Amino acid sequence: MHRSSTLLLVLDLVGVAVFAASGALVGVRKRLDVFGIAVLALAAALGGGLVRDVLIGATPPAAFQDWRYFAVPVVVAVLVFFGHGLVERLGGTFRVFDAAGLALFCVGGTAKAMAFGLGPLQAAVMGMVTGIGGGVLRDLLVGEIPVVLQRELYAVPALLGSALVAIAIDAHRYGVPVAIAAAAVIFLLRMVSLRLDLNAPRPDYVP
């Protein structure tokens, strides 16, 4: 039980860090000040987890019980603020951070939902919500249509990876290798969809 709790915490905090980086990079690109960048980092990093915890009854949410959930995004925001030139030169960094955050949050969110007694289907959906929640809030704060609603495959990889975690936990086969494999599936599917410009079907509508 202790190892499981430690794994959940590690997944959560690493996911918080990478999603904070994605939020901070959006703030830099929108030319926000350092406070605005920190707000976007916090929104992207904590939004999905807050929604998850409230819905599964894990209150107060983890972010309000452990100072590290707020400290990590703030530190990441400051690092991105001062080092965004280097980060941007790495090329495609935002999408990589976003895909990594999606993967880690989906895995950790699903595992936590199962730990709180949800069934595999409900837990998989909750994992997906954990993964996409922060990105949705981030995009809304800068006045953009959330990525999950209008570009590429986003929710589909999230749901598939979350389902793998839920099935493994239900079959008592969950551990670090399964968590890594599920996160890799989500990350790779997301990156392939970006590379090949894969999208969910859209209506053939001309106004």
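The values are calculated or read from the model by the stated rules, or taken from the named source; none is laboratory data. Predicted model, so just to flag it, every value in this text is computed and none were measured. Neighbour counts run over all protein chains shown; Cβ positions are idealised from the backbone, glycine included. When the accessible area is computed, the model is the full protein with side chains, heavy atoms only, and any ligands, DNA or RNA have been set aside. Shrake-Rupley method; radii C 1.70, N 1.55, O 1.52, S 1.80 Å.
For the condition in contact with a Pro (Cβ under 9 Å, 6 or more places away or on another chain) and either surrounded by fewer than 21 Cβ atoms within 10 Å (Cβ to Cβ) or modelled with pLDDT of 95 or more (or both), what is the one hit in Ser193, Ser162? Full working, then the answer.
On the way: Ser162 fails: in contact with a Pro (Cβ under 9 Å, 6 or more places away or on another chain).
Answer to the selection: Ser193.
Being open to solvent by 20 Å² or more (accessible area, probe 1.4 Å), aliphatic (A, V, I, L, M) and closer than 16 Å to Ala24 by Cα narrows it down to one of Leu102, Leu86, so name that one.
Leu86
Can you name the number of the only condition in (1) within 15 Å of the chain's Cα centre (by Cα); (2) more than 25 Å from Ile167 (Cβ to Cβ) that Ala100 fails?
Result: Ala100 passes all but (2).
What number of residues in segment 136-159 are under 18 Å from Val107 (Cβ atoms) and either modelled with pLDDT of 90 or more or in a helix (DSSP H, G or I) (or both)?
6
Confirm whether Ala115 is surrounded by fewer than 19 Cβ atoms within 10 Å (Cβ to Cβ), in contact (Cβ under 8 Å) with a residue 24 or more places away in the chain and within 16 Å of Phe97 (Cα to Cα). Explain how you work it out, then say what you get.
Details: surrounded by fewer than 19 Cβ atoms within 10 Å (Cβ to Cβ): yes; in contact (Cβ under 8 Å) with a residue 24 or more places away in the chain: yes; within 16 Å of Phe97 (Cα to Cα): no.
No; evaluated as a whole, the condition is false for this residue.
Which of the residues that make up segment 10-60 are among the acidic types (Asp, Glu) and within 10 Å of the chain's Cα centre (by Cα)?
Answer for segment 10-60, where residues must be among the acidic types (Asp, Glu) and within 10 Å of the chain's Cα centre (by Cα): just Asp12.
What single numbered condition from (1) at pLDDT below 90; (2) within 18 Å of the chain's Cα centre (by Cα); (3) open to solvent by 20 Å² or more (accessible area, probe 1.4 Å); (4) over 30 Å from His172 (Cα atoms) fails to hold for Val74?
Failed condition: (1).
Please find, within segment 46-71, the residue that is surrounded by the most Cβ atoms within 10 Å (Cβ to Cβ) out of those that are small (Gly, Ala, Ser) and in contact with an Asp or Glu (Cβ under 9 Å, 6 or more places away or on another chain).
Gly49
Free of Cβ contacts under 8 Å to residues at least 24 places away in the same chain and either open to solvent by 50 Å² or more (accessible area, probe 1.4 Å) or over 14 Å from Leu79 (Cβ atoms) (or both): which single residue out of Val10, Val39, Val34 fits that description?
Values: Val39 fails: free of Cβ contacts under 8 Å to residues at least 24 places away in the same chain; Val34 fails: free of Cβ contacts under 8 Å to residues at least 24 places away in the same chain.
Unique residue meeting the criteria: Val10.
Against the definition (modelled with pLDDT of 90 or more, within 21 Å of Ala58 (Cα to Cα), open to solvent by less than 40 Å² (accessible area, probe 1.4 Å) and under 18 Å from the mean Cα position of the chain (by Cα)), how does Ala179 come out, yes or no?
No: the conditions fail for Ala179.
List the number of the failed condition for Val80; all other conditions in (1) under 13 Å from the mean Cα position of the chain (by Cα); (2) open to solvent by less than 60 Å² (accessible area, probe 1.4 Å); (3) touching a residue at least 24 places away in the same chain (Cβ under 8 Å); (4) under 20 Å from Ala20 (Cβ atoms) hold.
So the condition that Val80 fails would be (1).
State which residue is most open to solvent (accessible area, probe 1.4 Å) when the search covers only segment 165-176 and only residues that are in a helix (DSSP H, G or I) and under 16 Å from Ala123 (Cβ atoms).
Ile167
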